[in-house]
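Working notes, structure below.
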């Protein structure tokens, strides 16, 4: 295992704390069989990564359409996982099924289902509860069961350990149960799963060790923590830190606008300091399955006990309001030329929540398009990865495949998709760059 490098903004002596980490070291042996429950943006890369590390992988997903997409190699999956998936399907080492009972045949079970929040920011654990209940129902002695889905502290105990015990399977004695938060970064080729360290915490020390042996097939570095609860809290802290940092970056970008400064330049300059600073970039909002949702799991759990966390609450409020700020800024850009947003033709460039993925979950683009329409604008969008989308009100919208810049009164840049042709944007008379990094229109205005 490579020596760890802690990402701490402390006093420049982070290496002195490395000894507090507990690295897992074990001989790499091929696992007989692993079942992956949930084949979404976490489960599918996990299944692909196990090719060659496991004699048999059983992919379980209740969505038949998703399984057909995977079987046809049409799922959104980056390289080299796409090649691993192709090989696994060709060799028959990956089996796809909708039957949860198939998990009984596996020596290890990894649960990777989504954990969103509802319209009131309350955790929606329907999928997770269903998946865990199915795994418990078909669990057998000797299995290793690993939960990776982000949730509140205590979920592993509540949804796995307790119901297993009610079946007569005691964690640490009859069966091994642990939590290991996923660390998948969709669409980012610089953050490979194998090179990203993982954390594992189990019901007992033996549970932790058994689970780490499984997770160690996915990554070169595994670190052990004292409990499943500690591992659950680790994931929450990671994403809460990111949420607070993004809220700060957006607020600082607004300040830079007042001061006529480029926030990207300032952030990069600050990042030259090798300690005490961990910078992120501003943008039109925050999307995806993690940052807009996960902090609410802690806030909800604290709220049940009558506690609050004002800083986190304010950060999440700031994040949720960012799309409204984009809409207001769009109106300002048009007003500067004597035009009103109502009646103007506006095209939003990029709809996915981040570059390089076909994922619309919590994408700020949806709220931005809806807000522009509510203000009376005639809104379209262009995204080579998202051919159509459904707005919050339910209306379907199809992407403009080959837009012409002169057709629009305003272009709002939301996501820069890699290798996309944006040469036409320069012909648009007004360009609002909500990414702060769009280079295709010299006359752009930033958010």
| Of the residues in the stretch 199-220, how many are surrounded by fewer than 20 Cβ atoms within 10 Å (Cβ to Cβ) and either under 12 Å from residue 179 (Cβ atoms) or within 23 Å of the chain's Cα centre (by Cα) (or both)? | 2
| task | Among residues belonging to the stretch 139-173 that are free of Cβ contacts under 8 Å to residues at least 40 places away in the same chain and more than 24 Å from residue 99 (Cβ to Cβ), point out the one that is surrounded by the most Cβ atoms within 10 Å (Cβ to Cβ). | result | 171
| field | residue 68 vs. criteria farther than 29 Å from residue 224 by Cβ, out of contact with any helix residue (DSSP H, G or I) (no Cβ under 8 Å at 6 or more places or on another chain) and without any contact (Cβ under 8 Å) to a residue 60 or more places away in the chain | value | yes
| query | So which of 338, 356, 303 ends up being within 28 Å of residue 115 (Cβ to Cβ) and assigned to a loop (DSSP other than H, G, I, E, B)? | reply | 356
| If you go through the stretch 327-347 one residue at a time, do you hit one that is at negative phi, outside the structural domain of residue 421 (by TED's automatic domain parsing), under 27 Å from the mean Cα position of the chain (by Cα) and buried (at least 20 other Cβ atoms within 10 Å of the Cβ)? | no
| note | For the stretch 387-416, pairs from a residue that is touching a residue at least 60 places away in the same chain (Cβ under 8 Å) to a residue that is in a loop (DSSP other than H, G, I, E, B) and surrounded by fewer than 18 Cβ atoms within 10 Å (Cβ to Cβ), with Cβ under 7 Å and 6 or more apart or across chains, are 409/339; 409/429; 415/355; 416/355; 416/437
| Checking residue 235 against (1) surrounded by fewer than 17 Cβ atoms within 10 Å (Cβ to Cβ); (2) outside the structural domain of residue 51 (by TED's automatic domain parsing); (3) in a helix (DSSP H, G or I), which single condition isn't satisfied? | (1)
| Can we say residue 211 is in a helix (DSSP H, G or I), at pLDDT 95 or above and farther than 14 Å from residue 147 by Cβ? | no
| field | Enumeration of residues in the stretch 391-407 that are within 17 Å of residue 323 (Cα to Cα) and in contact with a strand residue (DSSP E or B) (Cβ under 9 Å, 6 or more places away or on another chain) | value | 391
| said: Taking the conditions exactly as written (in the same structural domain as residue 150 (by TED's automatic domain parsing) and either outside any helix (DSSP H, G or I) or touching a strand residue (DSSP E or B) at 6+ places or on another chain (Cβ under 8 Å) (or both)), does residue 201 satisfy them or not? | reply: yes
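The values are calculated or read from the model by the stated rules, or taken from the named source; none is laboratory data. Keep in mind that what you see is a predicted model, and the values were worked out from it rather than measured. Counting neighbours? That spans all protein chains shown, and the Cβs are built from the backbone with ideal geometry, glycine included.
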